[in-house]
Structure formats: structure tokens, C-alpha cells
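Participant: Before I ask anything, let me first share the structure, which is written out below as C-alpha cells.
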């Protein structure tokens, strides 16, 4: 491949796949399809089941701890599945299958970059998170610092991540459901919004956790089934699978080696950093660590989550490779039956077409329902995290300064989730025709630059003071947002300017060091008596982080 | 109240032992994971065709796939290694320390 083509391919990758793979797939202006009855029936069953669980959970949700953290009563294995559920979005299924379908091994590299954050979370973060946190990650960053100011910036960071991620998911949901279910865009968005608010408002963390668990099982089960059916057509032989794929793909042998993925090392490293540390700064993932009773179970959850995520990525890669032969040589999946033309429904469809090819309409319906359920579960987790940032951080600890009763706090949280639901639906509809891929990059960028540096410093660095935490958060937030806005994704694609002001789209490699630098600078230059006290208080925090003594325990019931 | 307990825990030599043992173990594993990952990314960036080597002589399937899957499996097994020690050996020392401090 010559240099020009490489560049083009890299640019195409950067623009489309990153967004695709990380969140709701940007399926563009999807064509509305015929009503898919199998899918609708199966989705209906899922909804009924989750509503039943929400009813059951609502009766068990009494205290604030029940509401935010399921009373600390989730086991490690359950939580591991739920974390995997939070992490594997519809785009993991559709976007990564399609990336392997078109790019071969590059798709799998992407999976590996996505995956490597998990061992890191296990070794460096899991037990300290559990030992120090209660309901939100701001509990940890503000542990020995000024509650009001630190929680305010932490809440801004959380809400920024949640809102951008929510919009991307909503738009993705609308497009996907229009495509798979043959439903109107706005209807799909409203259904997702309403169900999300019901789960979160009535069932709190207990319902959200179970919705995640069911969704994770469905996604793992459905994906594995399709993969096995597809792989069986190649006699479960990697060699046969590869030979056929190479024969049937335009890319030929290029499928078997890394291609355009890392042709721009800055973008690649930045993307890796963003994925890895962004994961460790996503408020809805961090919150999950407070639902287990102790550090032992927290570690177990990461172990299970890592297994599920790694396994699923491998399933997805095999699906993508199989689809090259099974879908790519079947004219019925191409517009006008033209094998050289576009895939029906767009570039994100290989997984769905594969399901249809190996299991008929029933399997297609099933996988479509799973994709819808997946979006629903992810937005529920996001909404709960956003509502908690508003009620637990902003309302209870900043506005009321710890004087609010539990009942008041939970009531505010429920109203907030309703508010977030309304905002998500309205923005989802407003952004229908926009390219929202950048919003996911932004969510991960802000998580990695605004939330993660201060979180990790508060746990590991004695010298962090209130001013350092605030400077670090704000510097990370501002630089990540600015870089994305001035890059091609927003400046050119969304705002319609000719050339981007900033050449790179992935902010992490720049914005993370900026955040760390300002957190350090703000801390070492602060010489007040309060700062000295904060540094002194690290000792106790350190003992608690290490031993778990004094950690918020499981609820009494 | 808890501040006194924390003070007692901190003065217990076993606490230092626990912290240094566990940190050393966690950071070693982190270094191994990041090291392997970094080598992989470097190969991808600077010598991608190395990964195109066929698994079987004359075959099409490249070693890239099993290497990728092997990394995923290895990293997962390493998280398993960590919790085996952390939930066993380290947690035993931990509960001993806490028991000693609250009595």
C-alpha cells in the first residue's frame, strides 16, 4: 500500500471506527427497514423481565446505600458481569465486528487496546476504590480535601462524561432501532429514555445492576452462539477460516497483519491512553466498585469482568472474520445484490447479516433485541451515575453541606434521573442528523484527563491538596474539550470549517500530562494551614485504603 | 476513634510488610502487562509484517491472531494470579492486623 492510501485509510479509521467502536454506532442516516417482528417480540420479553426486576428492586430499595450502591450486597461475580455489561456496548458488537470484517487484524488490535485497561484497574485501583469510596468517585477525591470545591469539580467532570456519552448512545439507539426494528427514530429515542428513567428512578442500583447482568449474559450468549454457528462452517479451523477470508476479501493477505492502525503513532498512542485511562475514569464504571461488600469481592469483580470482556472481543473477532466469507460472498446482503457495492443497512451490519445467514430471521431478531437491550443497559448505568453526581455530590454535600437527610438525597437523585432522561431524549432528537462520533471520544477524553488524574493522585500521592485537585481537574477538562473541538472531528466535520486548528483528534496524550502537571503545580505551591492538614490526613486515608478498615460496609439487611 | 486505630495499625510492623509485599506484587504484574503490551504495539508500529508470519508452513492464518488471543488470555490469568495472593495470603495478614488494632 502506498503512503497516500495509508494516510487515507488512517484518516478513515480515525473518523469512523473510533467513534463506532466505542459507543453507539454511528450508522449514519439509517434506512428504515420493514418491521422486524421477531426482534420486537424478543425485546418486549426483555423489557417485561427487566420491569419485573425493577418492581422487585424498588421494594428492596429503602436507604440511600440501597439506592446508590445496592446496599453493598452485590457479589463479586454478579458485579463482574454487570461491569462487563456496562463496558460492552452495542458498538462493541457491531462496530468491532465490522472493523474486523473490513480491516482484519486491525480490529483485533483495537480490541486489545480496549482490553488492557482492565488488568491495570485490577492491580492499581480496585481495592483502593472499594476501601475509600461510598457512592461516587468524588467520595474518594474529596476524602481529605475540601468537600465543597472538590466535589463540585468532580461532579462537573462526571456530568460532562455522562451527558456526552448519553447523547451518543441515544442517537446510536435511534439509528440502530430504525434500522433493525423498522421503528421511527423519535419513537426509539423516547422508548429508551422512558425505560431508562423507570429503571433508575424506581429500582436504583439494584435494578440497574440486574439489567446489566441480564444484558451481559444475553450479549455473551448471543454472540457466542452466532460465532459458533459461523465458525462451524469452517470446521472450527483457524486455517480454513483465514484462507477463505483472504480469498474473499478485497484486502487479501493484508487482513492477516496490522495495517493502517498505527500509521500515525501519536494518534495511536493517544487513543490507547484514552481508552485505558478513560475506562478508569468513567463514573458509571467506578460506581460499580461500591456495590460489593469488600475489597475481596471488588477484586473478584474485575477478574470476572476481564474474562467476559476479553472473551467477547475474541468472539467478535471470529465473527468478523467469518462474516468476510459468509456475508461478503452472499449478494442478498448487498445493495442491489452487487458484491462490490455497499452492505445493506451500512457498514455496521456485518454482525447482523451474519446472524441472519447462520440462524435465519429468528437469530437476526434475537441479536437485534440484544443490541437494543445493550443500549438500554448502558444508558441506565450512565443515568444513575449522572443522577448520583447531582444528588450525592452537588446537592447533599455542596449545597446542603452534608445536612440533607437520606430521603431528601434520594428524592433529589430520582428527580435528577428524570431530568437527565428528558435532556437525553431532547438532545437525542436534536442531534438526529449530526455526526456524534466525536462525543464518545470526548467522553473518554474527559474521563481520562479530568477524572482519572485527580482520582489516582488522591489515592497515591500524599502531596495532593485541594487547589491541586481543582487545577488538575479543570486543566484536564478544558484541554480535552478544546482539543476535540479544535480537531477535525468537530472543527471540520461538525462546524464545517475547512482545516482543523489542532492536528490530532485524540486528546489523551496531551491533556493527561497537562492535568497531572497542574495538579502537581497547584499542590506544591499551596502553603496554607489547610493544605498542611490535608497532607497530614493522607496517613489515615492510606491506612484505610490499604486495610479497608473503616470502609463503608454492606447494609444491615 | 478510628484515627487512633489507624495510628495503631500504622505502627504495626506487619502493616509495612503487607503494604510492601502487596505493592511490589501489584507493580510487578503491572510492569509485565504494560511491557508486553508496549512490545506488541511497537511491533505493530515498526515491524507489522513480522506478525503476518504464517502459523503453518504455506498456510494463510498468521501468528498475529494467536498472539493477540494469547495476550488477552495471559493478562486475564495475571489478574487471577493477583487475586489468588491478594484474597488469600494478603487478606489473611490484613485481618490479623485489623484484629490486633481494635482489641
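Laboratory data are not the source of any read-out in this text; all were calculated from the coordinates shown. Because the structure is predicted, anything quoted here is derived from the model rather than measured. Glycine gets a Cβ as well: all are built from the backbone with ideal geometry, and neighbour counts include every protein chain shown.
Participant: To the nearest 0.05, how large is the calculated FRET efficiency for residue A:517 and residue A:187 if R₀ is 45 Å and r is the Cβ-Cβ distance?
Facilitator: With R0 = 45 Å, the Cβ-Cβ based efficiency is 0.40.
Participant: What ranking of A:54, A:224 emerges when the number of other C-beta atoms within 10 Å of each C-beta is taken as an exposure proxy, fewest first?
Facilitator: Ranking A:54, A:224 by Cβ neighbours within 10 Å, fewest first, gives A:224, A:54.
Participant: Taking the Cβ-Cβ separation of residue A:44 and residue A:338 as r and a Förster radius of 25 Å, what is the calculated FRET efficiency to the nearest 0.05?
Facilitator: Rounded to the nearest 0.05, the efficiency is 0.10.
Participant: Angle between the Cα long axis of helix A:90-103 and the longest principal axis of chain A, 0 to 90 degrees, nearest 10?
Facilitator: Roughly 50 degrees between the two axes.
Participant: Next up: In degrees between 0 and 90, to the nearest 10, how far off the longest principal axis of chain A does helix A:105-115 point, with axes built from Cα atoms?
Facilitator: 20
Participant: Order the peptides A:265-276, A:42-53, A:127-138 from the highest to the lowest mean number of other Cβ atoms within 10 Å of their residues.
Facilitator: Going from most to least packed, we get A:127-138, A:265-276, A:42-53.
Participant: Could you grab the relative contact order for chain A? Cα pairs under 8 Å, six or more apart, rounded to a whole percent.
Facilitator: Reported relative contact order: 29 percent.
Participant: Quickly rank B:61-72, A:477-488 as a protection proxy: mean count of other C-beta atoms within 10 Å, highest first.
Facilitator: Packing order, densest peptide first, comes out as A:477-488, B:61-72.
Participant: Please compute the average number of Cβ atoms from other chains found within 10 Å of each residue's Cβ in peptide B:54-65.
Facilitator: 6
Participant: Note down the nm distance, to one decimal, between modelled labels 7 Å out along Cα→Cβ at residue A:224 and at residue A:411.
Facilitator: According to this spin-label approximation, the distance is 4.6 nm.
Participant: When a footprinting reagent is the concern and you count Cβ atoms within 10 Å, what order do B:57, B:4, A:432 take, fewest first?
Facilitator: Least crowded to most crowded, the residues run B:57, B:4, A:432.
Participant: Return the whole-Å distance between the Cα centroid of the stretch A:469-504 and the Cα centroid of the stretch B:25-103.
Facilitator: 34
Participant: Here's something else I'd like to know. Using Cβ counts within 10 Å as a stand-in for footprinting exposure, how do A:210, A:471 rank, fewest first?
Facilitator: Ascending number of Cβ neighbours within 10 Å: A:471, A:210.
Participant: Counting only other chains, what is the mean number of Cβ atoms within 10 angstrom of the Cβ of each residue in peptide B:32-40?
Facilitator: The shielding value for this peptide is 3.
Participant: With a ≥ b ≥ c the root eigenvalues of the C-alpha gyration tensor of the stretch B:2-102, is it rounded (a/c under 1.5), prolate (a/b larger than b/c) or oblate?
Facilitator: prolate
Participant: Oh, and also: Shielding by partners for B:81-89, please: the mean number of other protein chain Cβ atoms within 10 Å of each residue's Cβ.
Facilitator: 4
Participant: Does chain A classify as rounded, prolate or oblate by the C-alpha gyration tensor (a ≥ b ≥ c root eigenvalues; a/c under 1.5 gives rounded; else a/b over b/c gives prolate, otherwise oblate)?
Facilitator: The shape class here is prolate.
Participant: Given labels modelled 7 Å from the Cα in the Cβ direction, how far is it in nm from residue A:433 to residue A:539?
Facilitator: A separation of 6.5 nm, rounded to one decimal place.
Participant: Before rounding to the nearest 500, sum -39500 (n - 2.57) across all DSSP H runs of length at least 4 in chain A and divide by the residue total; then give [θ] at 222 nm in deg cm²/dmol.
Facilitator: That comes out to -22500 deg cm²/dmol.
Participant: Roughly how tilted is helix B:91-102, in degrees to the nearest 10 and between 0 and 90, from the longest Cα axis of chain B?
Facilitator: Result, in degrees: 20.
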